[in-house]
Amino acid sequence: MLLKMLLGFLCGVQALAEENITDQQGPPPLLLVSFDGFRADYLQRFPMPNLKLLYSQGVLVEQLTNVFTTKTFPNHYSLVTGLYAESHGILASKMYDPISHKHFHAGNDTDPSWWSSTQPLWVTALDSGYKTAAMMWPGSDVAIRNRTATHFFPYNSGVTFQQRLGNVTEWMLGNGKEQGVMFAALYWEEPDQSGHIFGPDNTTAMGKVLKEVDDNVGLLVSELKRTGLWGRINVLITSDHGMAQCSAKRLIRLDDCLHPDNYTLVDLTPVAALIPHTDPETIYNLLNKCHPHMMAYLKKAIPDRLHYRNNQRIQQIILIADEGWTIVQRGDKLPRLGDHGYDNSLPSMHPFLAATGPSFRRDYQISQLQSVDIYPLMCHLLSVPPHPNNGTLTQARCMLAAETCWDVPLMIALVVGILLVLSIITVLFRLLSSRRPSGPRPFQRLQVDYDDDDPLLE
Ligand code: AMP
Ligand code: ZN
Ligand code: ZN
């Protein structure tokens, strides 16, 4: 009886999903999942069977080039806006705004003014008449430009992955009265937290947490199958940044170079943000020679490639530590064994992207994509007009089942190959034809010499 009721309930859920989703004329709903701090090479270093099975039925982007600073808040906001940090305004974990004189940090992030230079996809998609959901995604509990997603939970690290997932699938299904959500974003704190505590090189500890993350992927797939959403929605699994191994032997002490009375510290490591108390150039000159593993920049000289200059929340001087180096003010204490925030060109800072669902190609891999390209891809999948952004669909388009894509290196190799073969044939042909006159010419017409003086004819 109990089994019958359970089966009835499961079939009911499945039927509801089919009804709600197949009745929709629009595109398939989209679920975006982030496992915080999932460094791209964890996929090669650890087994991850559920995740590998998922992308074998879809697409894997081996490395995403994320945005600078490679921190949680800037990168999660870039994923849902397609903007570099200087354009969306969430530039670091700790910020100071010199106009409003406000301070920002992760535990104090719900003031909308920090987020409202743009709007995330869960807000934009509302304008297309869709319902949306954002589960603990950074910024999701903030009324950005006076709006939140249709469904969200205030951030609470105590809510399990299963609980978050259960709510998300319920929201995606909708019910008889309420339409299901078309876009949902789901956030989970691991493997970032363990990466900070143990360091990414600790194979035992990281193996344990990554098995848990992979179990969560397994949970996700079974929950989508149980509810009938699997195969009907598009799923993107990604992350915000990677993780570098730190060491007490790689400490940079600011007090060794400059007395703290000379500046106010807004953020410390691995990207320090300083407000100089005197002439910025003088302070910069002292910091510039401070340590061989730390670059100092005056705001106006921050390299273009970092897209980290045009914002009032970027301070007059920033310091960037080399990979694995930690900036402290004084002392010998290493705050974390693993950290991120470093230069976004470093492979150790890169996350990955896995995609599966009706819109994606199967068993397809691309080596690299910009994380700002995910936003235009998501807008395309949902048929939502994108807000102005720094991404492009050019490369991401190749992930889609409906697109034919030219593999540029393969095409170049093919053209070069064909030209080479043609050249060899031409050379051989010329060689052969130039050798012909010296050999016998079997079918050449006989030269008859009509000589009137031939004695036989006389
Ligand atoms: P970080 O490693 O400093 O870049 O930040 C990662 C941490 O931010 C995670 O371990 C979470 O505990 C925390 N976090 C993530 N989302 C939120 C949020 N919406 N509000 C507050 N803290 C958050
Ligand atoms: Zn993070
Ligand atoms: Zn972190």
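Quick notes on this one:
- Residues located in the range 254-301, provided they are in a loop (DSSP other than H, G, I, E, B), within 14 Å of residue 326 (Cβ to Cβ) and either open to solvent by 50 Å² or more (accessible area, probe 1.4 Å) or in contact (Cβ under 8 Å) with a residue 60 or more places away in the chain (or both): 268, 269, 270, 293
- Considering the conditions (1) surrounded by 23 or more Cβ atoms within 10 Å (Cβ to Cβ); (2) within 16 Å of ligand 3 (Cβ to nearest atom), residue 190 is excluded by exactly one of them, (1).
- Summed over the range 293-341, residues that are touching a strand residue (DSSP E or B) at 6+ places or on another chain (Cβ under 6 Å) and of a type in the set (Ser, Thr, Tyr) total 2.
- Scanning the range 91-114 for residues that are in contact (Cβ under 8 Å) with a residue 40 or more places away in the chain and assigned to a loop (DSSP other than H, G, I, E, B) yields 91, 92, 93, 94, 98, 99.
- Among the residues of the range 229-244, those that are within 16 Å of ligand 2 (Cβ to nearest atom) and either small (Gly, Ala, Ser) or open to solvent by 10 Å² or more (accessible area, probe 1.4 Å) (or both) comprise 239, 242, 244.
- Of the criteria (1) more than 30 Å from residue 402 (Cα to Cα); (2) open to solvent by 10 Å² or more (accessible area, probe 1.4 Å); (3) touching a Ser or Thr at 6+ places or on another chain (Cβ under 8 Å); (4) within 16 Å of ligand 2 (Cβ to nearest atom), which one residue 37 fails: (2)
- Every residue from the range 109-151 that is at pLDDT 95 or above and among the acidic types (Asp, Glu): 111, 127, 141
- Filter result for residue 190 (in contact with an Asp or Glu (Cβ under 7 Å, 6 or more places away or on another chain) and either more than 16 Å from ligand 1 (Cβ to nearest atom) or assigned to a loop (DSSP other than H, G, I, E, B) (or both)): yes
- Pick from the range 44-78, criterion open to solvent by 10 Å² or more (accessible area, probe 1.4 Å), part of a helix (DSSP H, G or I) and farther than 22 Å from residue 167 by Cβ, ranking: nearest to ligand 2 (Cβ to nearest atom): 73
- Count of the range 93-140 residues which are surrounded by 16 or more Cβ atoms within 10 Å (Cβ to Cβ), near ligand 1 (Cβ under 10 Å from one of its atoms), of a type outside the set (Ser, Thr, Tyr) and farther than 25 Å from residue 386 by Cβ: 1
- Matching strands (runs of 3 or more DSSP E) fully within the range 307-411 where at least 1 residues are open to solvent by 20 Å² or more (accessible area, probe 1.4 Å) and over 30 Å from residue 265 (Cα atoms): 364-370
- Looking across the range 211-245, the residues that are within 16 Å of ligand 1 (Cβ to nearest atom) and not hydroxyl-bearing (Ser, Thr, Tyr) come down to 212, 213, 216, 240, 241, 242, 243, 244, 245.
- One residue from 339, 304 being of a type in the set (D, E, K, R) and more than 16 Å from ligand 3 (Cβ to nearest atom): 304
The values are calculated or read from the model by the stated rules, or taken from the named source; none is laboratory data. Model, not experiment: these values are computed from the prediction. Every residue, glycine as well, gets a Cβ built from its backbone with ideal geometry; the counts of neighbours run over all protein chains shown. Keep in mind that these areas ignore ligands, DNA and RNA; they rest on the heavy atoms of the full protein, side chains included. Shrake-Rupley method; radii C 1.70, N 1.55, O 1.52, S 1.80 Å.
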